[in-house]
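The values are calculated or read from the model by the stated rules, or taken from the named source; none is laboratory data. The model shown is predicted, which means the values in this text are computed figures rather than measured ones. Here the Cβ positions follow ideal geometry from the backbone for every residue, glycine too, while neighbour counts run over all protein chains shown.
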Amino acid sequence: MTFSDEELMVMFAAGTMAAFDMLYERYRHRLFRFARSCLISVSAAEDAVQDVFMRVIRSATQYRPGYSFKSWVFQIAANCIRDIGRVERKMICRNSHNDTSGLEIDDRSFHVRRIVAANELDQYLKVLEPDERMLLILREYEGLKTETLADITGTSPGNIRVRLHRIRQKLAAGRSAVDREGEI
Amino acid sequence: MNTTSKTCLLLEDYLDGQLSKPDKDSFTAHLAECDACREQVRVSEKVRELFNQHPQTGLSDDADLRVRMALRREQYGKEPAKDVMNLEETAAWLGVTPGALAERLDEIPAFEIGGRIRFSRKRLEKWIEMKDGDILLQLQQSHLRKDNNLLQFPGGKHGKQQSGNSGAV
C-alpha cells in the first residue's frame, strides 16, 4: 500500500517519524533541484533543503489535513529560498558567468556541458526578478499547475496566468535584444 | 499583436497537455492566428528546452547525510533524552551517525538486554566527561563517511528492519 503525501504528513504530525522519512525520500532531490535552479551555489541549495525539512518538522502541527502537501512544501521551499537568496545575493557579486565555483561535477565533459547550458539558461533568465524566476521554474521545470502555483503564492489561478504571461513576454523581449546583439 | 481572447486563456492547459481533443484542435487553430499566444508557447518551449539541457544532479550523498543528521537531531532533540536509549536515539543525542556509533561500540559504554544494545545516558555523560570529548569529536567528524547501510532513516529504503527494532523500545 502506498500512502499519499497528505496521509504521510498527517501520520508524521501525529508522531510517526517513519512517515517523515518517506516524505523526505520523496522530495529531497526535487527540492534540491528547485533550490539549485534558484540559488547560485550548491551549498546554499543544500542549506535550503535542510531548512525546508526543518520547517516541515517545526510546523507539522500547523499542517491542515487535506491540504496539498506538495503545495505546502513548495510554499515553504519558496520562502526558504527567498531568505537564503537574499543573503546569497548580498554576499556574492555575480558579474562573471564564467565562475564555476558553484558547479561541483566530477566528469569534465559533463562539467563543461553544464557550464555552457547554465550560462545559456542564466543569460536567458537574467531579465527576470528572483520571484519571477522562481515562479517560472516551478511552472516550466517542476511542471506545477496554475492551481498549485496559486496555492503556493497565495493568489488566484487567474493571477498566476497573468504573471506567467508577463514573465514570458519579458523573456521574449529580453531574448529579442540578445538576438539583436548577436547579429551585430 | 492580437487582443486577448477567451481562447488565449486555454494557453496554460494547452502547455500542460490537459486540453480535450476538440479544445486542443481549436487552440492549435488559434495559434496560427494569435501572435501573442505563439510567442508564449515559443518562450515556454525554449525555457523547458534550456532546463532539459541543464543537467541537474540530486542532493549529493554527503549533503544528504548532513541533512539527515540535522533533521534527526531536530526530531529527537526536542524530546527530553531518555535514561536508556537505543542506537538511533543515542546517535541523535550524541550528534553522530548510528554507523559511526556502531563502529566504536567497543569504546562506548553500552549494555545488552534481550539481545538488544542499549545505552545509559548517565553512563554516557560520565564517559564524555572522562574522555574530555575527544572520542566524541572523532565520532562527529566521521559522520561524513558513506556507510549508508547504517545511516538510513528507520523508514528509509535500507532501514525498514531497523525501524521495527527501534519501535520496540
- Message: Going residue by residue through segment A:106-117, is there one that turns out to be modelled with pLDDT of 85 or more and surrounded by 14 or more Cβ atoms within 10 Å (Cβ to Cβ)?
- Response: no
- Which of the residues spanning segment A:24-38 are closer than 20 Å to B:Gln75 by Cβ and surrounded by fewer than 20 Cβ atoms within 10 Å (Cβ to Cβ)? A:Glu25, A:Arg26
- Going through segment A:15-34 in order, the residues found to be at the interface with another protein chain (Cβ under 8 Å from one of its Cβ atoms) and either in contact with a strand residue (DSSP E or B) (Cβ under 7 Å, 6 or more places away or on another chain) or of a type in the set (A, V, I, L, M, F, W, C) (or both) are A:Met17, A:Ala18, A:Ala19, A:Phe20, A:Met22, A:Phe32
- Message: If I filter segment A:35-56 down to residues being in contact (Cβ under 8 Å) with a residue 60 or more places away in the chain and hydrophobic (A, V, I, L, M, F, W, C), which single residue comes out as farthest from the other protein chains (Cβ to nearest Cβ)?
- Response: A:Ile40
- Query: Does B:Glu74 fit the bill of being surrounded by fewer than 19 Cβ atoms within 10 Å (Cβ to Cβ), within 10 Å of chain A (Cβ to nearest Cβ), modelled with pLDDT of 90 or more and within 31 Å of the chain's Cα centre (by Cα)?
  - Reply: no
- Item | Residue count, segment A:4-39 (criterion: of a type in the set (S, T, N, Q) and either farther than 30 Å from A:Asp131 by Cα or in a helix (DSSP H, G or I) (or both)) | 2
- Item | Scope segment B:1-37; condition part of a helix (DSSP H, G or I), facing chain A (nearest Cβ under 10 Å) and of a type outside the set (A, V, I, L, M); matching residues | B:Cys8, B:Glu12, B:Asp13, B:Asp16, B:Cys37
- Task: Quick one: which residue in B:Glu112, B:Glu33 is loosely packed, with under 14 Cβ neighbours inside 10 Å, out of contact with any strand residue (DSSP E or B) (no Cβ under 6 Å at 6 or more places or on another chain) and assigned by TED's automatic domain parsing to the domain that holds B:Glu12?
- Result: B:Glu33
- Counting only residues that are assigned to a helix (DSSP H, G or I), without any contact (Cβ under 8 Å) to a residue 40 or more places away in the chain and under 15 Å from A:Ala78 (Cα atoms), which one in segment A:141-159 is farthest from the other protein chains (Cβ to nearest Cβ)? A:Ala150
- Message: Of the residues A:Ser96, A:Ser156, only one is modelled with pLDDT under 75 and over 15 Å from the mean Cα position of the chain (by Cα); which?
- Response: A:Ser96
- Members of segment B:47-59 that are over 16 Å from A:Arg166 (Cα atoms) and part of a helix (DSSP H, G or I): B:Arg48, B:Glu49, B:Leu50, B:Phe51, B:Asn52, B:Gln53
- Task: State all residues of segment B:88-107 that are surrounded by 20 or more Cβ atoms within 10 Å (Cβ to Cβ) and modelled with pLDDT of 80 or more; if no residue qualifies, say none.
- Result: B:Thr90
- Message: When the residues of segment B:27-55 are narrowed to those that are at pLDDT below 90 and among the polar types (S, T, N, Q), which ends up farthest from A:Asn119 (Cα to Cα)?
- Response: B:Asn52
- Taking first residues from segment A:80-92 that are of a type outside the set (Val, Ile, Thr) and second residues anywhere that are exposed (fewer than 13 other Cβ atoms within 10 Å of the Cβ) and modelled with pLDDT of 85 or more, the pairs with Cβ under 7 Å that are 6 or more apart or on different chains are none
